[in-house]
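Worksheet: the structure to be examined is printed underneath.
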Amino acid sequence: MTPGTTSNQHAIELVVNDKPRAVTVESRTTLADCLRSQLGLTGTHLGCEHGVCGACTVLVDGRTARGCLMLAAQADGCRITTVEGLSGDGELAPLQQAFWNCHGLQCGYCTPGILMTLTELLADDPRADENAIRLALSGHLCRCTGYQNIVAAALAAVECLRGNA
Amino acid sequence: MNDTPTRQVGERIRRIEDPALLRGAGRFVGDIELPGMLHAAFVRSPYAHALVTHIDVTDALATPGVVAVMAARDIARGLTTLRMPLGFPTTTLPPNITPFVLTPEEVCFAGEAVALVLATSRYTAEDGAGVVAVDYEPLPVLADCRDALKADAPKVRRESSDNVLCTFNVGYGDCAGAFAGAAHVFGEQLHQHRGGAHPMEGRGIVANYDKFAGSLSVWSSTQMSHELQFTVAAMLGIAEQSVRVVAPDVGGGFGAKFLVYPEEIAIAAAARLHACPVKWIEDRAEHFVSAIQERDQHWDVEIAVDGDGLILGVRGRMIHDQGAYTPQGINCPYNAATAVTGSYVVPNYNLDVFVAQTNKVFTIPVRGAGYPEGTFVMERLLDRAAHELGIDRALIRERNLVTAAKMPYVKPLKNRAGHAITLDSGDYPACQAKVLDVIDYAGFAERKKAARAQGRHIGIGMAHGVKGTGRGPFESASVKVSPSGRITVSTGAMAMGQGISTALAQIAAEALGATMDSIDVIAGDTAAISMGIGGFASRQTLTAGSSVLLAARKVNDKARKVASQMLEVSADDLVLRDGNVEVRGVPEMSVPLTRIARLLRGIPGYDLPRGVGAGLEATAHWEPDAMAYANAFHACEVEVDVETGGVTLLRYVAIQDSGRLVNPLIVEGQVHGGIVHGIGNALFEYMRYDENAQPISTTFADYLLPTSTEIPHLEVLFMESPSATNPLGVKGVGEVGTIPVTSAIASAVDDALSEYGVRIRAVPIDPVRVVEMIDAAQVGT
Amino acid sequence: MKPSPFVLHTPRSVAQALDLLAGSDNARVLAGGQSLMPMLNMRLAAPDVLVDINRIEALAYIREEQGEIAIGAMTRQRDVEFSALVADRLPLMKEAILQVGHRQTRNRGTLGGSLCHLDPSAEMPSVMMAMDATLHVQSARGHRTLSMAQFAEGMMTTALAPDEILTGVRIRPWASAHGWCFVEFARRHGDFAVVSAAAMVELDRQGLIAHASLTLGGLAATPLRNPAAEQALIGRSDEAGFDQAAALVQQCDALDDPAFPSWYRRRLATRLLRRAIGSAFQRANARGANA
């Protein structure tokens, strides 16, 4: 083992939902577990821990990533956004509001990850159509909704954001 | 409820559950952290069948973070019995068929738990579990349920005298006579497979033993809090009132959580033995091998029809894969067997059922609960008969459906509660006509021809489905108005994503003239109400909703009686609105509910208002006399790629009649989810095992759930035929959308491949098999 | 599903990474993590040392070098997807990358990671095989280059020694008038293909195929070029010629598993290759006409 630079414990600093956070993690701690257990951000859920279901999706420097497929130590110096960062305790963000209005969630377990993907998509493509939305959502599994009202909510959010533009 | 000033029932009201979930502020069992909590991991058998000859925990105990390792004999110290009770107790099943909390000497499926590791984190618990050295002596394996009927097959469990758990017969009439005299008889061999439930949140439990109070608090992702409370108390040998079970936010159930599992008892016992909080969160790998599935049914059936396609009889036999143990009962094969005749008039019926044990994880119902299988049998037989007789598939259904004029239609079959299956209301032919109109069934032949000219193979399919909903024996609800004005609805019904809290709040709000935001719903907390049954069989809006309605009406009556004494007007002239009891038409003459609630709480030494009793609250345990039969008709268009065998859904139209809709917004969502679950069963989800009963499809990359790109926009319509079985006039919703899906898609694939004479006889539809069938047809020509 | 313990190193340079690998037993290189992390979580991989090369910025690039396109091993699949250079010069790769996983995995997943994982039906190894890419490999001992055929030794097995890192690939683009097509059959969008087919063709002045590259993924343990079929296409522009070329795939040995038996994989290979040839030819024709 190389002395000095690395070991089994890593003191990392990251900005989570616009707040600087410092935490010491084990090498093997995943980003999702760090967020949930060490930073208390339990809105990010674990559904499969092998990168398929998408429930743990968060934004890392503005880009979606599976929280179960990243080590917390890899997020050192990164800007992380989780579902808790979408609107804090304030008014629901337009995307969240659209999910509420359109019944875009049922048990709500997959929802945080899906909100993060759609946040990225709508930032990239504010005029995303149903096809683009379904493609983005294909990286998520939802057992409750059949995806239909998630798509409807995303389209409603597109409309809303266009109205505000 | 004509008197109520604010209509809530029937409105598209946004769910009260949502804001917290959308903020990531939901509280699921995995989110619970308690001081001093230990984390559990199970050591699971890699063998489908073996003797456990030795367990060495030395290395595990030496692993950093590991606190304890418990095998069967260790956990037994904290239990009255090591064996789980049968979920639905009956004298008709043999003894010793349930799983163990931890198996003491024989493992009977791959994934069965043999030991439990407690450690300071899940990471270290898994480190420990990985080095528990278990010596196994492999035993012969029974992998295919059809082999269970063979005399020389290996035994699934050494203690079990017969691999066939039980056989039963369902039927009525004179099948032999009907078949003997029939113009036509057509037979089919069908294989149906339904995999796991796969809620996105797996199972999970946190148990905390308070040694000073002698009480145990349990948070579990369960569909049955009260049953878990009673079972934990009985198996740990403590008083029921010393056990509190809370279901926090539950990330979906779909049947997987309608069972008290061995793991839950193990964790509760471990928490008590170690006097500290213990947490176990099932990971996906565990869900694949140790949570319930529905799995295989093999049907060998035939239908007798006259020259016009009128059904004379259906008969045959079915083998159901029960798995290695029977934790609950035989309700899934029973439902399947009694669901066959479904929406149709079938004069004679006879089915022999063999419940076959295998060295695979045990089965109980998944969303749909055997009804999709029964439906598939009938719908496939009808398509076959239509094809053979040259009758249109819509027409043969029309000729055999139970019509609206026949409602209520009593079938000579009993549901598992022993009541006659009585289709209570609905207009099945009208449902069919509506959907076929929307999907332009009449114009399909032209569309098919045009597509064929482009080299495309498209097909249209259809199927009916009907499901008994709202099973008893009761569901509990209490409604209480507190002096603060908050209204609390407590129920034994379980919230697991369906929106039951919103639906119950709507019912209470309307009955009390209250606004939605004045109502709090507590579901699944045994401290909030003493009895409860839980979430299964599309029952909760019907049963718990009826109880809420009755309890809220009692509260309404109480409030008006008290106000009538205060205002000196007849209670009949009073109405509840926005937190007040007011004289109808004279809103300035009113009494706030808060004041009545305060009065009924009692003031020491003073009398209560006359004739109403203490508390502005009431509890009801409404008991249904009969199930309410909800029905659906689905039609879809598919395209089959004849080179790959791939099936693409082009269009999907569904109608559902769930009686009166409490909240159409929620109901639509339930139907969408139900249909897509069915699409998974029709096209994607296959829990594959090898010949040694080793599970193979144990990741989401191998076991395929439907994704957004594979699902077309679903067109969902409703018919509302109120049910007289309950005071709300509702029928169940959640499972109904799933029931016709495999049938409708199989029908459409047949149609797309009509030129090859392909008939789908197994679901999920396997592209490899589709290509094989096309090849066989081409060789034949 | 939590990884077993390991020591994590985060080198900033290739040289540091190579030193770490040279000095470690049972080490694994962590690229984008979209394949290795699930294996760690499932404890199917349990290295003592993990060398995370995500911080080595020098390994992430897409650029033109002496007429070739050079792509760094740590280039994210997303960057391949949105690269104008790739779209313009390597349209086969562009078409294939859109079928790799999902946007969430392409954000992290890397070209090098996909090549080193070497799933038999993964898209990027097939593209490298189709385009005769050169793979650049380094260790503390030195540098070597490999063809994809040399690199892809067997089922999920590369020619990399334990102390070596794949640093990048170089691909020589075909002439702008070439035609290409990447098609696959997957059960769901974004899944690994059951079988994929890649076709590239160049036409002569008469519009006949002068040069062809035909590659099948998911048919064998590694992506498979089919020289016989390529040869059979030379001088052809007719459907029957395309049929004959594609049919040669029926001779191949194929993977066999309970879900997708070998006869079915061969069938898919034949049919998908036929489609790919047809589309590639049409595109070449259209490009030729526009040129």
>> If B:Pro587 meets every condition in (1) in contact with a strand residue (DSSP E or B) (Cβ under 9 Å, 6 or more places away or on another chain); (2) touching a residue at least 12 places away in the same chain (Cβ under 8 Å) apart from one, which number is that one?
In response: (2)
>> Conditions first: (1) out of contact with any Ser or Thr (no Cβ under 7 Å at 6 or more places or on another chain); (2) outside any strand (DSSP E or B); (3) among the aliphatic types (A, V, I, L, M); (4) crowded, with 22+ Cβ neighbours inside 10 Å. B:Val642 passes all but one, so which condition is the exception?
In response: (4)
> Residues in the stretch B:34-54 that are closer than 27 Å to C:Phe6 by Cα and either of a type outside the set (D, E, K, R) or assigned to a loop (DSSP other than H, G, I, E, B) (or both): how many?
Replying inline: 10
> Taking into account only those residues within the stretch C:13-32 that are facing chain A (nearest Cβ under 9 Å) and under 26 Å from the mean Cα position of the chain (by Cα), which is surrounded by the fewest Cβ atoms within 10 Å (Cβ to Cβ)?
Replying inline: C:Leu30
> Which strands (runs of 3 or more DSSP E) does the stretch B:76-180 wholly contain that include 2 or more residues that are β-branched (Val, Ile, Thr)?
Replying inline: B:113-119, B:164-172
> Among (1) without any contact (Cβ under 8 Å) to a residue 24 or more places away in the chain; (2) in a loop (DSSP other than H, G, I, E, B), which single condition is A:Gly88 missing?
Replying inline: (1)
>> Among the numbered criteria (1) surrounded by fewer than 24 Cβ atoms within 10 Å (Cβ to Cβ); (2) of a type outside the set (A, V, I, L, M); (3) away from chain A (no Cβ under 14 Å), which one does B:Arg539 miss?
In response: (1)
> Among the residues of the stretch B:303-335, which ones are closer than 25 Å to B:Gly177 by Cβ and not in a loop (DSSP other than H, G, I, E, B)?
Replying inline: B:Ile303, B:Ala304, B:Val305, B:Ile311, B:Leu312, B:Gly313, B:Val314, B:Arg315, B:Gly316, B:Arg317, B:Met318
> Does the stretch B:633-652 contain at least one residue that is within 30 Å of B:Thr491 (Cβ to Cβ), of a type in the set (A, V, I, L, M, F, W, C) and at pLDDT 95 or above?
Replying inline: no
> Hey, any hits in the stretch C:259-273 for a residue that's β-branched (Val, Ile, Thr), surrounded by 20 or more Cβ atoms within 10 Å (Cβ to Cβ) and not in a loop (DSSP other than H, G, I, E, B)?
Replying inline: yes
> For A:Val16, are the conditions met, namely being within 14 Å of chain B (Cβ to nearest Cβ) and touching a strand residue (DSSP E or B) at 6+ places or on another chain (Cβ under 6 Å)?
Replying inline: yes
>> Name the single residue that is nearest to B:Glu643 (Cα to Cα) among those in the stretch C:249-261 being free of Cβ contacts under 8 Å to residues at least 24 places away in the same chain and away from every other protein chain (no Cβ under 11 Å).
In response: C:Gln250
> Would you call A:Arg162 surrounded by fewer than 24 Cβ atoms within 10 Å (Cβ to Cβ) and either within 28 Å of B:Tyr652 (Cβ to Cβ) or more than 7 Å from chain B (Cβ to nearest Cβ) (or both)?
Replying inline: yes
> Considering the stretch C:220-258 alone, what residues qualify as being part of a loop (DSSP other than H, G, I, E, B) and acidic (Asp, Glu)?
Replying inline: C:Asp238, C:Asp253, C:Asp256, C:Asp257
> Filter the stretch C:61-102 for residues that are touching a residue at least 24 places away in the same chain (Cβ under 8 Å) and small (Gly, Ala, Ser); which is nearest to the other protein chains (Cβ to nearest Cβ)?
Replying inline: C:Gly101
> Hey, among the residues in the stretch B:291-303 that are buried (at least 24 other Cβ atoms within 10 Å of the Cβ) and touching a Lys or Arg at 6+ places or on another chain (Cβ under 8 Å), which one's farthest from B:His191 (Cα to Cα)?
Replying inline: B:Ala291
> Just for strands (runs of 3 or more DSSP E) wholly inside the stretch C:103-219: which have at least 3 residues that are acidic (Asp, Glu), in contact (Cβ under 8 Å) with a residue 60 or more places away in the chain and over 19 Å from C:Gly32 (Cβ atoms)?
Replying inline: none
> Restricting the search to the stretch A:108-148, which residues are in contact with a helix residue (DSSP H, G or I) (Cβ under 8 Å, 6 or more places away or on another chain), more than 10 Å from chain C (Cβ to nearest Cβ) and under 18 Å from A:Gly85 (Cβ atoms)?
Replying inline: A:Gly108, A:Thr111, A:Pro112, A:Ile114, A:Leu115, A:Leu118, A:Thr119, A:Leu122
> Going by the structure shown, is A:Ala152 touching a residue at least 24 places away in the same chain (Cβ under 8 Å), farther than 27 Å from A:Val23 by Cβ and assigned to a helix (DSSP H, G or I)?
Replying inline: yes
> Would a scan of the stretch A:83-106 turn up a residue that is within 12 Å of the chain's Cα centre (by Cα), more than 7 Å from every other protein chain (Cβ to nearest Cβ) and within 30 Å of B:Glu735 (Cβ to Cβ)?
Replying inline: no
> Here are some residues: A:Val23, A:Val52. Which one is on the phi < 0 side of the Ramachandran plot and either aromatic (Phe, Trp, Tyr) or outside any loop (DSSP other than H, G, I, E, B) (or both)?
Replying inline: A:Val23
>> Given the condition touching a residue at least 60 places away in the same chain (Cβ under 8 Å) and over 30 Å from B:Gln656 (Cα atoms), answer yes or no: does some residue in the stretch B:559-575 qualify?
In response: yes
> Among the helices (runs of 4 or more DSSP H) contained in the stretch B:389-484, which hold 3 or more residues that are surrounded by 19 or more Cβ atoms within 10 Å (Cβ to Cβ)?
Replying inline: B:393-400, B:428-438
>> I'd like to verify a number: residues in the stretch B:684-720 that are within 23 Å of the chain's Cα centre (by Cα) and either of a type in the set (Gly, Ala, Ser) or not in a strand (DSSP E or B) (or both), how many?
In response: 17
> So how many residues does the stretch A:57-72 have that are within 11 Å of chain B (Cβ to nearest Cβ) and within 23 Å of A:Pro20 (Cβ to Cβ)?
Replying inline: 1
>> Cβ contacts < 7 Å: first residue polar (S, T, N, Q), restricted to the stretch B:68-88; second residue assigned to a loop (DSSP other than H, G, I, E, B), any location; separation 6+ or different chain. Result?
In response: B:Thr80/B:Gly237
> Restricting the search to the stretch B:9-39, which residues are farther than 30 Å from B:Val667 by Cα and either among the aromatic types (Phe, Trp, Tyr) or within 13 Å of another protein chain (Cβ to nearest Cβ) (or both)?
Replying inline: B:Ile32, B:Glu33, B:Leu34, B:Met37, B:His39
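To keep it simple, each residue is scored yes or no on (1) touching a Lys or Arg at 6+ places or on another chain (Cβ under 7 Å); (2) acidic (Asp, Glu); (3) farther than 17 Å from C:Ser4 by Cβ; (4) more than 9 Å from chain B (Cβ to nearest Cβ).
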{"position": "A:Ala22", "(1), (2), (3), (4)": "no, no, yes, yes"}
{"position": "A:Thr30", "(1), (2), (3), (4)": "no, no, no, yes"}
{"position": "A:Val52", "(1), (2), (3), (4)": "no, no, yes, no"}
{"position": "A:Ala55", "(1), (2), (3), (4)": "no, no, yes, no"}
{"position": "A:Gln74", "(1), (2), (3), (4)": "no, no, yes, yes"}
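The values are calculated or read from the model by the stated rules, or taken from the named source; none is laboratory data. What you see is a predicted model; the values in this text were computed from it and never measured. So basically every Cβ, Gly included, is an ideal-geometry build from the backbone, and we count neighbours across all protein chains shown.
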